[in-house]
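Report on one structure; see the data block that follows.
The values are calculated or read from the model by the stated rules, or taken from the named source; none is laboratory data. This structure is a prediction, so every number in the text was calculated from the model and none was measured. Note that each Cβ is placed from the backbone with ideal geometry, even for glycine, and that neighbours are counted across all protein chains shown.
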4 protein chains.
Amino acid sequence: MTYQEVLEQARGAMGPYCKACPVCNGLACRNTVPGPGAKGIGTGFIRNYQKWQELCVNMDTICENKPVDTSFTLFGRTVDLPVFAAPVGAMTLHYGDKYNDLAYNDILVAACAEAGIAAFTGDGTDPAVMEGAAAAIAKNGGCGVPTVKPWNLETIRQKMDLVKAADPFAIAMDIDAAGLPFLKGLNPPAGSKTVSELREIIEYVKVPFIIKGIMTVKGAQKALEAGAAGIVVSNHGGRVQDGVPATASVLPAITQAVKGQMVVLVDGGIRTGVDVCKALALGADACILARPYVTAVYGGQAEGVKVLTDKLKGELQDTMAMCGVHSLSEISGDMIFRG
Amino acid sequence: MTYQEVLEQARGAMGPYCKACPVCNGLACRNTVPGPGAKGIGTGFIRNYQKWQELCVNMDTICENKPVDTSFTLFGRTVDLPVFAAPVGAMTLHYGDKYNDLAYNDILVAACAEAGIAAFTGDGTDPAVMEGAAAAIAKNGGCGVPTVKPWNLETIRQKMDLVKAADPFAIAMDIDAAGLPFLKGLNPPAGSKTVSELREIIEYVKVPFIIKGIMTVKGAQKALEAGAAGIVVSNHGGRVQDGVPATASVLPAITQAVKGQMVVLVDGGIRTGVDVCKALALGADACILARPYVTAVYGGQAEGVKVLTDKLKGELQDTMAMCGVHSLSEISGDMIFRG
Amino acid sequence: MTYQEVLEQARGAMGPYCKACPVCNGLACRNTVPGPGAKGIGTGFIRNYQKWQELCVNMDTICENKPVDTSFTLFGRTVDLPVFAAPVGAMTLHYGDKYNDLAYNDILVAACAEAGIAAFTGDGTDPAVMEGAAAAIAKNGGCGVPTVKPWNLETIRQKMDLVKAADPFAIAMDIDAAGLPFLKGLNPPAGSKTVSELREIIEYVKVPFIIKGIMTVKGAQKALEAGAAGIVVSNHGGRVQDGVPATASVLPAITQAVKGQMVVLVDGGIRTGVDVCKALALGADACILARPYVTAVYGGQAEGVKVLTDKLKGELQDTMAMCGVHSLSEISGDMIFRG
Amino acid sequence: MTYQEVLEQARGAMGPYCKACPVCNGLACRNTVPGPGAKGIGTGFIRNYQKWQELCVNMDTICENKPVDTSFTLFGRTVDLPVFAAPVGAMTLHYGDKYNDLAYNDILVAACAEAGIAAFTGDGTDPAVMEGAAAAIAKNGGCGVPTVKPWNLETIRQKMDLVKAADPFAIAMDIDAAGLPFLKGLNPPAGSKTVSELREIIEYVKVPFIIKGIMTVKGAQKALEAGAAGIVVSNHGGRVQDGVPATASVLPAITQAVKGQMVVLVDGGIRTGVDVCKALALGADACILARPYVTAVYGGQAEGVKVLTDKLKGELQDTMAMCGVHSLSEISGDMIFRG
């Protein structure tokens, strides 16, 4: 199965909103929520994608001809490349009847583990979603990052107990989910958390904790103060707020501010191994991809996930080779062309 | 009634020129005057809209989860959100036969008061227009800002006497109306005013006076010197002069120059509560929307106005929550992303 | 006759290449030479037009309400507004059979004089063209600027003798015509001139001499050194060289360098009185329009020229009024919005 | 035969991918590899083209009227203009059945020599390709630059022996070919080379050696250290890596860094003599064009090559004349307009 075939299989199978476009750039879906689009008039998603395209890499063609190593270790877990599949939820709402949250997470967690990476899993108001995710992660030797929404503290504590039992190498919370239009007024209620509330949760969890949805240096510092082991620089693909900067635009200042003190992941508009290389050159430790992995699952289940992951790895390897670096630790800001 | 339905109802009901576009950005109507377009080749309207889209907000997702208060007080009158409907006139000329100026103002003033905001009312060569506006404002407990065109001083004095009797919380003058193509050569004659002429008018009026149509620091300082209580940073939606900067482009320098000395409102291309939040972050006290309220009235009368206002309020609340601020006074320039 | 009707009449009457587009911006005709387009891939014309659109004016709406005076005096000749019609030649080649050079110049010179401005006249390899132009200028009391191509010195001297007899208020040379594709290899031969060759010509002429086709400070200084009374900042509408900057881009440095020492005119993409006002704000003394006057002649002969000129004058007056200036001498660089 | 006719003849004759577009700018072919497109989503090709279009030249119209000399000498070989045809290979893969590598090189080398320039020749896994190229160069008096791919050292040595016998005035290596998707896993294997490996090759060759595929100052300095006589600033037309800067963007820093120490050629998106002049103004010694010469061969064989070369020469002459320079040595950075 080629990546082209994955896309073709996905078309028509992703509900009424997502077209599995040749280039997933936020233009065709714009403001379709429910659906894969972004909030408001959809500028967040579009900007995310475009900013990566504006960045250029410096080739270094005179160098040793040797293999490129893309392996990456996060909190003791080593993956083949610095890429993770994102947590996605409310699958039937956004992507039609083919998979519900349980089925999707079940396919994704196993497929990512087989493909040499790991998946973040989504959450939902139905407790069965997180139960299924925890089971899938447990079944795959802890290879997955359960991502809990910012519910009230009691609900969080219950979910934390549940997912810790799956022995994941990290647990995450998408703190910005309070802005999701379809989460409004649901039960249990979700909402922002203060530094002290987060600290309480993190101390309770005792597993490396990742806060997803940080877009400023100030936010990163709060996450650090709360005791997070890592953050995801993310605007939730533009789905929690319109008129936000691209993640690639805010990433450099954030990585510089918290360098060496916590892990920095980034998502938003990352589509190829070239983009992954650029993100690492801007200081990120690894990348998270959401919509491409959704399309991969709908277009080819486990095989789709493998095809996409292999494509990303190949592009990352090629880019590193053409830029004269052979391991992730050699990637630096010098690789980005500055006007 | 949803906002989508308001737009659909408005389509076909707004005369031969306005299409009630899904996004009201000046591209489809360009230089249609008469009609909703802008003067010359229509760059003023287009620029106004686009500049807000270029601005991005900084999310602050780690914060207390508490209600957002959008209430705003202007010259003693408190409204639910810092938004006003703009003065619009010559309705049949620009928007067809459905409503004349009297009917439009009558619907708008009451609908805005019911929706928790207030309307500015338009003026016309026919004295009945301002008489009707004054009556509508009086009927709604002074909840409205009559806006008088810059006629000759005698006409202005008559109109001021008329509108003061309605006990509005402010009176405005669109000083830039001298540039409206369709006002040329009409009777009574309209034209620019000097600082001393404006001072004379303002001293006569003895009600908080707002000068609309200021695009430079120099202009704001003249308004201050004339004794105005407030200004509207406005290029009249691009309708008085082609080739003008966006209001969002000139706003920051103006708000900084007159900070604390007068109220600064802004209009031009503001379409969502996200835009309202950006305008306040640039130093404005509140926003005025023109074309969206016209469409709301034509598409749903009072209910259309309510639907639009609720939409704006929701978007403003969401944006403030995602940016970690919970009252208008917490909004600052730090909320705008600077490259 | 309205300007819209002039355009409609012109459509279909301007040969196979010119479409008399609603907006004459170089996009539809791109690289049509012969025809109204520009050389190469046509970027020169497009850039000229676009740069004026990028510039914005600062409104000054609080000012005295008094008439605006647009009158302009050049070398003793006073015109109603600082606008001239450009020299255009080879009419049948570029614009079809309707008018040859003689007929075109004959209509244009008289029509411009009647409309309150003056025309520059074009030149051709056929001596009858300049003879006709000289006759037309003489018939209209010297109201015209014969523009001689940079032929060999002997031809120039003959043409100068001829046109001086028409008693024009100035004589011009389009020094950049050497780059016109269709002039290559014709007889008499045309080509660049040195400072000393130009000085010799200028001293021979003894009439205020204008060098057209200057795009740099260095070029302006050479013109000054040669004794020119004026220059036209011009890239010949993009027709002599592809890949040139917009005239509006190079104008400010040039006007600043030769300020007070010579007259500076400018052409290239100027379409409205708003553009004229911007050009003056950048330091130009007056503007020259080429393609719009061609369209005006083909669409309405003398009446077309009058309609266009009145439109330009009205736009210039409106812009000046909205910017708070009432005579050309009050226009300054402060009128341009600087980011 | 006109250039227009060359393009028309080429259309339909260039395989399933190349459309011989009126403007060859990377938009229609984007990511078609095999085919004439670029790697990934094809931004490298598009950027190359666009950057030249952004650059503007300063006209200098007051100057001596004398002939323009475009002749250029490289390593003792004088050509009519500073332009070379690029090495291209795998013709049937990318451009269909009309010509294989041998036939293409055979036509190109002779045609370029006749047209007054010289061709670089491509390489392939089949040894016959380089044998044919060497024979063609020998037959044309050494007028050609055989370009060897970065194979393993043994293969390179054999190919060097072969091509030296043709007595070319220079030998090149496209060091960046390691990134070509279709070269992966072929035999002999190709890959990057270190400075010391290149030095060994260069010392072995004893003919002026050109390294093609340099995009940074660091890369140019490595080439210099390895003993190269020249470099080609090139991203292989975007075909070895996506997300690279335009060659015109990186050229100035590179030419400045190695000025006077080695020859600097440049390729990528150069389409006209105006572009050639801009490249020289940025410090390049000469230009290489790939796709246009492919189209010329497919559309008109030797005559097509002559027509394209004459067109480039005429455009270069015109541009130099309009900019007031009459030999290549007079071209300088002052010719580029700086905002």
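Numbers at a glance
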{"item": "Which listed residue, of D:T43, D:T32, D:T70, is more than 22 Å from A:V57 (Cα to Cα) and of a type in the set (S, T, N, Q)", "result": "D:T70"}
{"item": "Any pair with Cβ under 6 angstrom, 6 or more apart, that starts in the stretch B:177-196 at a residue that is of a type in the set (S, T, N, Q) and ends at one that is assigned to a helix (DSSP H, G or I)", "result": "B:S192/B:A178"}
{"item": "Criterion violated by A:D60 - all others in (1) touching a His at 6+ places or on another chain (Cβ under 9 Å); (2) under 30 Å from D:P245 (Cβ atoms) satisfied", "result": "(1)"}
{"item": "Any hit, the stretch D:199-211, residues being closer than 17 Å to A:M322 by Cβ and either of a type in the set (A, V, I, L, M) or in a strand (DSSP E or B) (or both)", "result": "yes"}
{"item": "Checking D:G260 against (1) buried (at least 24 other Cβ atoms within 10 Å of the Cβ); (2) more than 10 Å from chain A (Cβ to nearest Cβ); (3) at positive phi, the condition it does not meet", "result": "(1)"}
{"item": "Scan of the stretch B:147-169 for residues that are in contact (Cβ under 8 Å) with a residue 40 or more places away in the chain and either farther than 21 Å from B:T194 by Cα or of a type outside the set (A, V, I, L, M) (or both), ordered by number", "result": "B:T147, B:K149, B:P150, B:R157, B:K164, B:F169"}
{"item": "Number of the exception - B:F169 against (1) over 18 Å from B:Y298 (Cα atoms); (2) of a type in the set (F, W, Y); (3) in a helix (DSSP H, G or I); (4) modelled with pLDDT of 95 or more", "result": "(3)"}
{"item": "Single residue of D:I171, D:I175 found to be under 21 Å from D:G213 (Cα atoms), of a type in the set (A, V, I, L, M, F, W, C) and within 14 Å of another protein chain (Cβ to nearest Cβ)", "result": "D:I175"}
{"item": "Some residue of the stretch C:72-81 being β-branched (V, I, T), buried (at least 20 other Cβ atoms within 10 Å of the Cβ) and outside any loop (DSSP other than H, G, I, E, B)", "result": "yes"}
{"item": "Residue check for B:G268: surrounded by 24 or more Cβ atoms within 10 Å (Cβ to Cβ) and facing another protein chain (nearest Cβ under 9 Å)", "result": "no"}
{"item": "Among residues of the stretch A:66-84, those that are farther than 13 Å from A:V276 by Cβ and either modelled with pLDDT of 95 or more or in contact with a Phe, Trp or Tyr (Cβ under 7 Å, 6 or more places away or on another chain) (or both), counted", "result": "8"}
{"item": "Cross-chain or 6+ apart pairs with Cβ under 7 Å, the stretch A:85-107 first and surrounded by 24 or more Cβ atoms within 10 Å (Cβ to Cβ), then part of a loop (DSSP other than H, G, I, E, B) and of a type in the set (G, A, S)", "result": "A:A86/A:A290; A:P87/A:G122; A:V88/A:G122; A:V88/A:A290; A:G89/A:G122; A:G89/A:G124; A:Y95/A:G15; A:N105/A:G122"}
{"item": "Extreme residue, surrounded by the fewest Cβ atoms within 10 Å (Cβ to Cβ), among residues of the stretch A:281-330 that are in contact with a Leu (Cβ under 9 Å, 6 or more places away or on another chain), aliphatic (A, V, I, L, M) and within 14 Å of chain D (Cβ to nearest Cβ)", "result": "A:A281"}
{"item": "Residue within the stretch D:200-214 that is among the acidic types (D, E) and more than 24 Å from D:V33 (Cβ to Cβ) present", "result": "yes"}
{"item": "Residues of the stretch B:279-301 satisfying the condition of being more than 12 Å from the chain's Cα centre (by Cα) and under 11 Å from B:V6 (Cα atoms)", "result": "B:T295, B:A296, B:V297, B:Y298, B:G299, B:G300, B:Q301"}
{"item": "Candidate set: the stretch C:197-242, residues that are polar (S, T, N, Q) and closer than 21 Å to C:A86 by Cα; chosen: the one surrounded by the fewest Cβ atoms within 10 Å (Cβ to Cβ)", "result": "C:T216"}
{"item": "Single residue of C:P22, C:P34 found to be in contact with a helix residue (DSSP H, G or I) (Cβ under 6 Å, 6 or more places away or on another chain) and at pLDDT below 95", "result": "C:P34"}
{"item": "Qualifying positions in the stretch C:12-34 - touching a Cys at 6+ places or on another chain (Cβ under 9 Å), surrounded by fewer than 20 Cβ atoms within 10 Å (Cβ to Cβ) and either basic (K, R) or more than 14 Å from chain B (Cβ to nearest Cβ) (or both)", "result": "C:Y17, C:K19, C:A28, C:T32"}
{"item": "Residue in the stretch C:185-226 that is farthest from C:T73 (Cα to Cα), counting only those that are in contact with a Lys or Arg (Cβ under 7 Å, 6 or more places away or on another chain) and within 12 Å of chain D (Cβ to nearest Cβ)", "result": "C:A190"}
{"item": "Residues that are touching a Cys at 6+ places or on another chain (Cβ under 9 Å) and more than 14 Å from chain D (Cβ to nearest Cβ), drawn from the stretch A:45-65", "result": "A:F45, A:R47"}
{"item": "Residues of the stretch C:120-134 satisfying the condition of being in contact with a Ser or Thr (Cβ under 6 Å, 6 or more places away or on another chain) and either surrounded by fewer than 17 Cβ atoms within 10 Å (Cβ to Cβ) or in a helix (DSSP H, G or I) (or both)", "result": "C:A133"}
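Residue-by-condition table, conditions (1) surrounded by fewer than 17 Cβ atoms within 10 Å (Cβ to Cβ); (2) more than 30 Å from D:A321 (Cβ to Cβ):
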position	(1), (2)
C:A136	no, yes
C:W151	no, no
C:R157	yes, no
C:D167	yes, yes
C:A170	no, no
C:I175	no, no
C:P181	yes, no
